[in-house]
Amino acid sequence: MNGTATAPIVTISGLTKRFGSNRALHDVDLTVARGEVVVLLGLSGSGKSTLLRHIDGLESPSEGSLDVLGERVETLSQKSLRSLRSRVAMIFQQFELVPSLTVLENVLTGALSRLSGPRLGVWTYPRALRRQALGHLDRVGLLEKAYERSELLSGGQQQRVAIARALMQEPQILLADEPVASLDPESSEQVMRLIREIAADDGLTVICSLHQVDLALGWGDRIVGLRHGEVVLDTPTDGLTKSQVMEVYGRVTPTAELRAIETELATESLLLTRGAEA
Amino acid sequence: MTTLEAPPATDLPRAEAPAPPRLIRPSRLAALLVLVAMLAFSIYALSTLDFTWSNVLGSVANAVKVFQEMDPISLPGPADLAYLIGLTLGIVILGTVVAALISVPVAWLAAENTTPAAGLRWLGRAVGVVTRAVPDVVLALAFSLTFALGSPLPGIFAIGIHSVGMISKLFADAIEHSDDGPRLAIRAAGGSRSQEFWGGVFPQVLPSWIATALHRFDINLRGSAILGYAGVGASGTPCASPSSTSPRATAAASGSRP
Ligand SMILES: Nc1ncnc2c1ncn2[C@@H]1O[C@H](COP(=O)(O)OP(=O)(O)O)[C@@H](O)[C@H]1O
Ligand SMILES: [Mg+2]
């Protein structure tokens, strides 16, 4: 898919983002073609989330420009930004469902941008949307959970609900911010496969951030590596080996980098457990 | 984070060096000073009061008089009593419901994470503080001047307004403690501000809203007899008529000297 002559759907040039004196992104150039599946690789703090949030119009750049779906993001009005965000879907590491709402209602909130005014309760959504939501739930294999409270679902199931919610937007771009970082290996595998399938079936453009090289290698069309807010790697996945990624992305020996990532994972899961206890 | 390079923090110029640890922080010291001042003032105030044991013993006669005037307690007939209790319940329920409803926009304004603008946040908090500060009895008395005697409306309005203070305060706290994630997910999907609130925040804080309203209902129910005394048509109303003819009793009850 990489290298086809389709017009870019995302063009980022010279993007720099500062938070106070902290530089989260530095002079990022990135072009993504329609239908491409891109992995954004980088350690925690390397700027992956910040970059994705810019593409969804949730942050405005300190310097540089972004073109997304033919819109110049940094010049958009609040109203046009909302319209852009409705065409770009996003899923998150922590799923971000409303725990007390049913699975179906959580999925329906993905369609809010198409409705005027707030909604509360499944029955306040138009019937056609409810049917559509059930269709998406069927697609992610959770139709039978439609009327359960979302907090009762496992992490992997919740992320699939979040994917169904994203599909309600009928998006052209799907941004995934470490979608499997809180999941066990089996659910991770399942969620990553699902995203890949949906991307292929719907011709979605996907930009998915990860910090596990293993997951990234067999998955996307292309890997973009971020380090301290800078793009340090941008290459097609085909024929890429793990040590090649490690070398460019970490500039350290693969084993050391791998250990660093494993330490980070362990720390994160520890924090998660603590957060759950608190 | 474990990396094999120099940590990035070192090349960031820090605005100021970290302050050396101090044993007593200024805020603590200030709090302590205020406490000591308050204690000293209380002792001084107590010493200026004409508070002696002989005075207390002398007041026993007053207390006896109060209890004598209470006898016989004359309750209304069963039918009237049932009507008055029903009326009281109605006033308290309606007043609390009105307050709970008004509290939603007030809390939305007052909560840091949902307020549309900093100025409006102060407005929301001011509404909460003012409604909490004015006692419902005062409101009821004020409203009873504008409605027919015995009308339940002053009671409903009084409870409805005064309760906004507590419900909106606790509700705003709950909103501020809610998880930001679902709200931001709706924003990321192109939702509007009101959709963020009703779709991402309100479902999370709904249980706390109901619990606070029920708690306030309980308080209002217990306070309703006094509201009735203020003449706003609750079960305290009949109590008001006999004693209003005998101001001595109230004077005695409050312990003031004739
Ligand atoms: N809203 C924010 N305010 C201040 N600093 C931020 C904010 N968002 C991100 N940062 C900083 O930007 C850097 C990149 O963060 P992030 O994009 O979250 O990285 P990643 O997603 O790769 O872990 C970090 O140093 C982080 O502390
Ligand atoms: Mg991140």
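The values are calculated or read from the model by the stated rules, or taken from the named source; none is laboratory data. Owing to the predicted nature of the structure, the values given are computational and were not obtained by experimental measurement. So basically every Cβ, Gly included, is an ideal-geometry build from the backbone, and we count neighbours across all protein chains shown.
Residues in segment A:199-217 that are more than 16 Å from ligand 2 (Cβ to nearest atom) and farther than 20 Å from A:Arg34 by Cα: 3 in all. When segment A:1-24 is filtered for residues that are within 13 Å of chain B (Cβ to nearest Cβ) and among the hydroxyl-bearing types (Ser, Thr, Tyr), only A:Ser21 remains.
Screening A:Leu129 with (1) over 21 Å from the mean Cα position of the chain (by Cα); (2) away from chain B (no Cβ under 14 Å); (3) within 23 Å of A:Ile198 (Cβ to Cβ) gives one miss only, at (2).
Could we say that A:Gly135 is at positive phi and either in a loop (DSSP other than H, G, I, E, B) or surrounded by fewer than 20 Cβ atoms within 10 Å (Cβ to Cβ) (or both) here? No: the conditions fail for A:Gly135. On the given criteria, is A:Glu63 within 13 Å of ligand 1 (Cβ to nearest atom) and either within 23 Å of A:Val232 (Cα to Cα) or buried (at least 19 other Cβ atoms within 10 Å of the Cβ) (or both)? The answer is no for A:Glu63. In segment A:7-60, the residue that is nearest to A:Leu217 (Cα to Cα) out of those that are of a type in the set (Lys, Arg) and within 13 Å of ligand 2 (Cβ to nearest atom) is A:Lys48.
Each row is one residue, and each column tells you yes or no for (1) within 16 Å of ligand 2 (Cβ to nearest atom); (2) not assigned by TED's automatic domain parsing to the domain that holds A:Thr50.
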{"position": "A:Gly70", "(1), (2)": "no, no"}
{"position": "A:Val73", "(1), (2)": "no, no"}
{"position": "A:Ser77", "(1), (2)": "no, no"}
{"position": "A:Ser80", "(1), (2)": "no, no"}
{"position": "A:Phe95", "(1), (2)": "yes, yes"}
{"position": "A:Leu115", "(1), (2)": "no, yes"}
{"position": "A:Arg119", "(1), (2)": "no, yes"}
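Does any residue of segment A:90-102 turn out to be of a type outside the set (Lys, Arg), closer than 30 Å to A:Glu230 by Cα and more than 9 Å from every other protein chain (Cβ to nearest Cβ)? Talk me through it step by step, then tell me what you get.
Taking segment A:90-102 first, the residues of a type outside the set (Lys, Arg) are A:90-102.
From what's left, closer than 30 Å to A:Glu230 by Cα: A:90-96.
Checking which are more than 9 Å from every other protein chain (Cβ to nearest Cβ) leaves us with A:93.
Yes, there is a match, as at least one residue in segment A:90-102 is of a type outside the set (Lys, Arg), closer than 30 Å to A:Glu230 by Cα and more than 9 Å from every other protein chain (Cβ to nearest Cβ).
Within segment B:128-143, is even one residue farther than 30 Å from B:Asp180 by Cα, of a type outside the set (A, V, I, L, M), assigned to a helix (DSSP H, G or I) and touching a residue at least 40 places away in the same chain (Cβ under 8 Å)? Yes, because at least one residue in segment B:128-143 is farther than 30 Å from B:Asp180 by Cα, of a type outside the set (A, V, I, L, M), assigned to a helix (DSSP H, G or I) and touching a residue at least 40 places away in the same chain (Cβ under 8 Å).
Among the residues in segment A:83-92, are any in contact with a Gly (Cβ under 9 Å, 6 or more places away or on another chain) and within 16 Å of ligand 2 (Cβ to nearest atom)? Yes, some residue in segment A:83-92 is in contact with a Gly (Cβ under 9 Å, 6 or more places away or on another chain) and within 16 Å of ligand 2 (Cβ to nearest atom).
Please determine, by comparing only the residues of segment A:25-60 that are crowded, with 22+ Cβ neighbours inside 10 Å and within 11 Å of another protein chain (Cβ to nearest Cβ), which one is modelled with the lowest pLDDT. So, considering only residues that are crowded, with 22+ Cβ neighbours inside 10 Å and within 11 Å of another protein chain (Cβ to nearest Cβ), the one modelled with the lowest pLDDT is A:Ser46. Evaluate the following for B:Ala158: is it at pLDDT below 95, surrounded by 20 or more Cβ atoms within 10 Å (Cβ to Cβ) and not acidic (Asp, Glu)? It is true that B:Ala158 is at pLDDT below 95, surrounded by 20 or more Cβ atoms within 10 Å (Cβ to Cβ) and not acidic (Asp, Glu).
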